[in-house]
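Asks: Take a look at the following structure, please.
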Amino acid sequence: MKRLFSGRVCAYLLMGMLLNTPFSVFAITPSPQIIAQLQQLSPREQQALAKQYGFDLPQGLGSGNLQQADPGVVGEPGEPIDVFDGVPRRLNDPDFIRDDPSKRRLRDLRELEDDDELKRFGLNIFDREISTFSPVDDLPVPENYALGPGDSVSVLLYGKEQDELLLMVNRDGSLQFPRLGSINVAGLTFADLKAVIEERVKRQFVGTNAVVSIGKLRSINVFLAGEVIAPGSYSVSGLSTVTQVLYAAGGVTDIGTMRNIQVKRQGKVVVSFDMYDLLLRGDTANDIRLSSGDTVFVPVMNSLVTAVGEIRRPALYETLPGESVGDLLQMAGGVSAQGYSRSASISRYAVGEASRSRIQLDFENEVDLAIEVVDGDFLEVGRVKEDIRSQVVLRGAVARPGGYAWREGLRVSDLLTSIDDDLLNETDLNTGLVVRRTGFGLEVDVLGLSLVDAIGEPGTAKDLLLQAQDEVLIFSLPYFNDSYKALRENLVDFNDGSKNESTNLSERGKILRQEIDRGGGFHAAGSE
């Protein structure tokens, strides 16, 4: 057996073996506890165990078809199961509460992993195993690269003399060039080095020119301290920058700053690097190339604020002293297309208060945009209404019902220009309504209209002038209604042999006319 049984199952099996008695004597049907443990074994192991101790497997066990078993009792295949108060239960069952702190912590951790919570902006840049930030040695060497001990210089001579030399910069910063002697290159840039060597070769080797390039770059030792994932000393390429060594150290911690990363050289801060400059604006001016002996120090961040709602990039953002709501809005990418810029607010921890306070914001107000954000602020931007205000709605017996754009001077004839193209066969041309909201939308006015007059005399008073959010209701003729059709199909046959066909038709017509008149003269399309 590849797996271990629980203590209770082992006790049952041991009892059967000691008494040399078939297991079925003790339990003809396995208890729920045993079923729960059997559920965790493979079908082959279940069959072997049942055969060995002489009991029958319940339905759904031993066949590999676990779907027949009650998932509410024994769990789904591969689902963690435990026995509580004699009843097998799933560990991730929301109704299952066990006095086991370790199980509760495990469940809580799983819930946290599944929770799609807001992330801190920019922190995931260090999560990838492969990144363009990782230092490499085969990059082109920039002209301002400063040479130092450990660098190698490749010199190609051509012309009267031909040779290829690989020279190493010594600890004292000198370069030993055959037949030219020692050349001091410590502190020289790559551009200066090329000029010095080319000038001396041309002057001392008549008819010979030189091509200078950098061979193998030296390694430098830098130290990372503060809130980094793996602080310590690192040996990196001489071309490494601040972001590259941070990537080598795993990035900053959850409380480490990304806005004030300091590079210290001989005890003095030579540069402060704001990674938001790189992430938001692509500015690498302060992502300087490091020198051997530099220390990269990451302090604790100053403040963290939350931006959610209808903005383009909801996240947690680190802010610096003096930054405002407008600055935060720029970091978050601005208001989304569905956002309502005049409905935003900040909930803030008030000093000395037991609860938060709320500050209402209007992004179209420069005073509100200038409000300074502080640690713990929670910015939320509201959403616009789904209603369309600048439209009129056409309903009823028309060819194309729906919303239409409203403009000044819009009339009924602009929506329904042709009886043949825009109306249905059953449309009542003499009856229609315009429903209009008045009094801040709390009251409704109903205006009658005739489509014959509106379409026949466009631009006149009979062609009603429409307002925004008007609803134009067009009705169908009553004898096209379903009630009329049913009446016509189910009319009793008056032909009793004593009346002729014309009399029967006349009687039918009277009944139909009575039903039409009883309908009130007009009906909405599709109504009974």
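The values are calculated or read from the model by the stated rules, or taken from the named source; none is laboratory data. This one's a predicted model, so the numbers in the text were calculated from it and none came from an experiment. Cβ: placed from backbone, ideal geometry, glycine included. Neighbour counts: every protein chain shown. When the accessible area is computed, the model is the full protein with side chains, heavy atoms only, and any ligands, DNA or RNA have been set aside. Shrake-Rupley method; radii C 1.70, N 1.55, O 1.52, S 1.80 Å.
Asks: Over all directions, the average projected area of the alpha-carbon convex hull for region 194-309 comes to how many nm²?
Replies: 10.4
Asks: Could I ask something else about it? Would you please put 160-173, 253-266 in order of how densely packed they are, using the mean number of other Cβ atoms within 10 angstrom per residue and starting with the highest?
Replies: Details: 160-173: 13.1, 253-266: 17.9.
In decreasing order of mean packing, 160-173, 253-266 become 253-266, 160-173.
Asks: Cα gyration tensor of region 273-316, axes a ≥ b ≥ c as square roots of the eigenvalues: rounded (a/c below 1.5), prolate (a/b > b/c) or oblate?
Replies: Here region 273-316 falls in the oblate category.
Asks: On to the next question. Might you report the magnitude of the Cβ-based charge dipole of region 317-433 about its Cα centre, with Lys and Arg at +1 and Asp and Glu at -1, to the nearest 20 debye?
Replies: 340
Asks: Label points 7 Å out from Cα along the Cβ direction at Met168 and Asn365: separation in nm?
Replies: The answer from the label model is 7.1 nm.
Asks: How large is ³J(HN,Hα) for each residue in region 207-215, as worked out from phi by the Karplus curve 6.51 cos²θ - 1.76 cosθ + 1.60 (θ = phi - 60°), to whole Hz, x for Gly and Pro?
Replies: x, 10, 10, 10, 10, 10, 9, 8, x
Asks: Which trypsin sites (Lys or Arg not before Pro) does region 267-313 hold that lie in a coil by DSSP with at most 15 other beta carbons within 10 Å?
Replies: Arg312
Asks: To continue, here is another question. Check which residues have an amide H placed less than 5 Å from Arg312's amide H, if you skip close sequence neighbours.
Replies: Counting only residues 5 or more places away or on other chains, the set is Gly334, Ser336.
Asks: Tell me the trypsin sites (Lys or Arg not before Pro) within region 347-397 that lie in a loop according to DSSP and have at most 11 other beta-carbon atoms within 10 Å.
Replies: Within region 347-397, the qualifying trypsin sites (Lys or Arg not before Pro) (loop, at most 11 other Cβ atoms within 10 Å) are Lys385, Arg389.
Asks: What number comes out for accessible area per residue over region 178-321 if the probe is 1.4 Å? Units Å², please.
Replies: 45
Asks: Would you mind getting me the FRET efficiency between Ala461 and Gln330? Use the beta-carbon distance for r and R0 = 45 Å, nearest 0.05. Intermediate results must be reported in sequence, preceding the final value.
Replies: Working: r = 54 Å, r/R0 = 1.20.
Taking R0 as 45 Å, the efficiency between Ala461 and Gln330 is 0.25.
Asks: Give me, ordered by chain and number, the residues 5 or more places off Gly215 or on other chains with an amide H under 5 Å from its own placed amide H.
Replies: Placed amide hydrogens put Ser152, Val153, Ser154 under 5 Å from Gly215.
Asks: Which loop-located GluC sites (Glu not before Pro) does region 353-453 contain, where loop means any DSSP state but H, G, I, E or B and the Cβ has at most 11 other Cβ atoms within 10 Å?
Replies: Of the GluC sites (Glu not before Pro), the ones in loops of region 353-453 whose Cβ has at most 11 other Cβ atoms within 10 Å are Glu353, Glu364, Glu386, Glu408.
Asks: Counting only protein heavy atoms, what percent of the accessible surface of region 279-429 is carbon or sulfur at a 1.4 Å probe?
Replies: Taking all protein chains in place, region 279-429 shows 46 percent carbon and sulfur surface.
Asks: In Å², what does the accessible area per residue of region 327-389 work out to with a 1.4 Å probe?
Replies: Details: 4040 Å² over 63 residues.
Value returned for region 327-389: 64 Å² of accessible area per residue.
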